[in-house]
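Quick note: the coordinates plus some simple rules give every number you see, no bench work behind them. Only a predicted model underlies this, so the values are computations on that prediction, with no experimental measurement involved. Neighbour counts are summed over all protein chains in view; Cβ atoms, including those assigned to glycine, are modelled from backbone coordinates with ideal geometry.
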Amino acid sequence: MDEDVQVVDEDVRVVDEDVRIVDEDVRLMLAFQQGEPGAFDALFERWATRLLRFLTRMVKDPAVAEELVQETFLRVHRARDRYSPEAKFSTWLFTIAGNAARNELRRPFRRHLHESTDAEGDGAVLELRADTPATDTVVHARRVGDTVEAALDHLPQRQREALWLCAVEGFSYAEIAESLETTEKSVKALVHRARVALAKHVTPEGEPAGRPEGGEG
């Protein structure tokens with residue numbers, strides 16, 4: 001009987017381990033814990049660009065966002081021994097990044113803002129724009145992207161963060177709640193307010209209809 005119980009326990013452990021390893025990011029993070037060469041670099045390659053876009057939307061400054069990406073991965077590096085795959089790696093990573101962004105926004109003296117323009121050529125990765133010839137369709141798509149980005153920038157920070165994680169990163173309400181350290185009910189309200197604000201101030205054709213008034217988030 002004891003042997004049967006032991007076999008069952010071992011089977012459960014195997015199943016649990018298999019479930020965790022299904023997530024490639026979790027596999028890489030666990031490999032990094034074990035000292036596997038290249039695992040950390042692989043995680044950086046998989047997530048740096050998405051984090052940069054997210055953090056740029058949060059702090060509204062590509063240069064500062066780049067610094068925060070580095071800070072986020074530095075924190076991941078330092079926390080490797082404490083990491084436990086109880087939640088999705090992406091949820092854990094965006095929690096760290098979100099905290100870094102909120103800390104930056106609370107600084108009494110923000111870092112110098114750097115304005116990026118197309119002429120500078122260093123912000124293309126952050127733009128929701130197509131690198132194609134300027135046809136009417138592309139011009140319209142760029143205008144829509146600019147309008148939506150501008151509307152996002154005027155939303156309260158928590159609404160902007162919740163909507164981005166939901167609409168762009170595909171997080172569930174539960175995952176967003178964990179990242180923002182709040183409740184699912186609060187997340188639903190934040191996302192709803194953000195969507196209402198965007199719908200009121202961006203027309204179905206993607207044209208600006210005014211400045212969003214998202215209220216407190």
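Where in region 27-113 are there GluC sites (Glu not before Pro) that are in a DSSP coil and have at most 14 other Cβ atoms within 10 angstrom of their Cβ?
Answer by residue number: GLU86.
Using the count of nearby Cβ atoms within 10 Å as a rough guide to exposure, how do SER84, SER172 rank from fewest to most?
SER84, SER172
Each residue of region 29-41 in order: what ³J(HN,Hα) in whole Hz does its phi give by Karplus 6.51 cos²θ - 1.76 cosθ + 1.60, θ = phi - 60°, with x for Gly and Pro?
5, 5, 5, 4, 4, 8, x, 5, x, x, 5, 5, 4
When the chain is fully extended, how far beyond the present Cα-Cα distance does ARG50 get from ALA150, taking 0.36 nm per residue of separation?
So the extension gain works out to 34.1 nm.
If R₀ is 35 angstrom, what is the calculated FRET efficiency for the pair GLN34 and VAL168, using the beta carbon separation as r and rounding to 0.05?
The formula returns an efficiency of 0.65 here.
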